[in-house]
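The values are calculated or read from the model by the stated rules, or taken from the named source; none is laboratory data. Note that the coordinates shown come from a computational prediction; the quantities given were computed from them, not determined experimentally. Cβ: placed from backbone, ideal geometry, glycine included. Neighbour counts: every protein chain shown.
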Amino acid sequence: VATELSTAIDIGGTKIAAARIAGDRVVERHQIATPRSGVFADMVDAIAGLVPADWRDGRIGIATTGMVRAGRLTALNPTTLPIPDDSPLEQALSEALGVPAQAFNDAHAAAWAEYELGAGRGATTMAFLTVSTGVGGGVVDHGRLQVGADGFAGHLGHLQVALGGEPCGCGRSGCVEAISSGTALARIGSRVLGRPIDAGALIALAETDADAARVVDVAVEALVALITNLRADNGIDCLVLGGSVGLNPAFFQRVSAQVAHLRQIFRPALRSAELGHDAGLVGAARLVAR
Ligand SMILES: [Zn+2]
């Protein structure tokens, strides 16, 4: 049986990718730097120029950073994606590409891909957590992706785990993202060690240096607090951890060790994400095909 090809677009803060998808694989990809003019039409034009005519042969799934509500996109952090709030993404891309386009938050799309084709297969209630520059995620419950009333569901990085803790980019403090993200690890690690260090180097150093280990362990504790909260809130039976920090073997090992010490009722199955950087593209293609 030939695997059907479909097209998906991934809109990120630094790059926009268009890809042809077959099953759980990207078979061809075009990529450009994200336009930073602040004009929505420039982004639409750039995407139209990125998608070849022969790829416009069916519904197109879009995975994008930011919040998607009724097909319209708002960048929660305008420095990440400089477009006006409430930009009509689906309508503009459907018109520009000549085929129906449907948009999803990128972490939601990745969560769906992991649920359907990756590490979350077989789960009843799954949370996906991606820990890289920031912390994002998504929850799938009994085959339904949770998006909430306005697309804000699943912003798991902004669950607060330390009252009065580190300031977060969202304006609050003590969010998981402010403690456990790669950005936070670099910021706190550099402060504690008194020299600039990035997240990967800090995690490696934690194997031999007590100060580095303490910073990483606090980040892991915050993440495990979040996992425990998700278990208590949604009753998740499976937690899929991804992102460049989440997939770092030494970091995953520390998360796994702390989770193993939780009381059994608070402990979901912990798995590494399987679909990597293409999960958003694959998930958007799958969601739009449903
Ligand atoms: Zn926050």
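Structure above, values below:
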{"read-out": "Yes/no for Leu129 being away from the ligand (no atom under 13 Å from the Cβ), buried (at least 24 other Cβ atoms within 10 Å of the Cβ), at pLDDT 90 or above and closer than 24 Å to Leu76 by Cα", "value": "yes"}
{"read-out": "Verdict on Leu163 being without any contact (Cβ under 8 Å) to a residue 60 or more places away in the chain, in contact with an Asp or Glu (Cβ under 8 Å, 6 or more places away or on another chain), surrounded by fewer than 24 Cβ atoms within 10 Å (Cβ to Cβ) and more than 17 Å from Asn77 (Cα to Cα)", "value": "no"}
{"read-out": "Number of the condition not met by Arg121 [criteria: (1) in a helix (DSSP H, G or I); (2) without any contact (Cβ under 8 Å) to a residue 40 or more places away in the chain; (3) more than 20 Å from Ala46 (Cβ to Cβ); (4) charged (D, E, K, R)]", "value": "(1)"}
{"read-out": "Yes/no for Arg59 being modelled with pLDDT of 95 or more, basic (Lys, Arg), touching a Ser or Thr at 6+ places or on another chain (Cβ under 7 Å) and within 24 Å of Asp150 (Cβ to Cβ)", "value": "no"}
{"read-out": "Boolean, Pro82 is more than 28 Å from Cys238 (Cα to Cα), modelled with pLDDT under 95 and touching a Gly at 6+ places or on another chain (Cβ under 6 Å)", "value": "yes"}
{"read-out": "Verdict on Glu207 being at pLDDT 95 or above, away from the ligand (no atom under 14 Å from the Cβ) and surrounded by 16 or more Cβ atoms within 10 Å (Cβ to Cβ)", "value": "no"}
{"read-out": "In the stretch 163-186, the residues that are within 11 Å of the ligand (Cβ to nearest atom) and within 19 Å of Ala199 (Cα to Cα)", "value": "Glu166, Pro167, Cys168, Gly169, Gly174, Cys175, Val176, Glu177, Ala178, Ile179, Ser181, Ala184"}
{"read-out": "Residues being assigned to a loop (DSSP other than H, G, I, E, B) and within 16 Å of the ligand (Cβ to nearest atom) - total across the stretch 144-162", "value": "7"}
{"read-out": "Where Leu275 falls short, out of the listed (1) within 21 Å of the chain's Cα centre (by Cα); (2) at positive phi", "value": "(2)"}
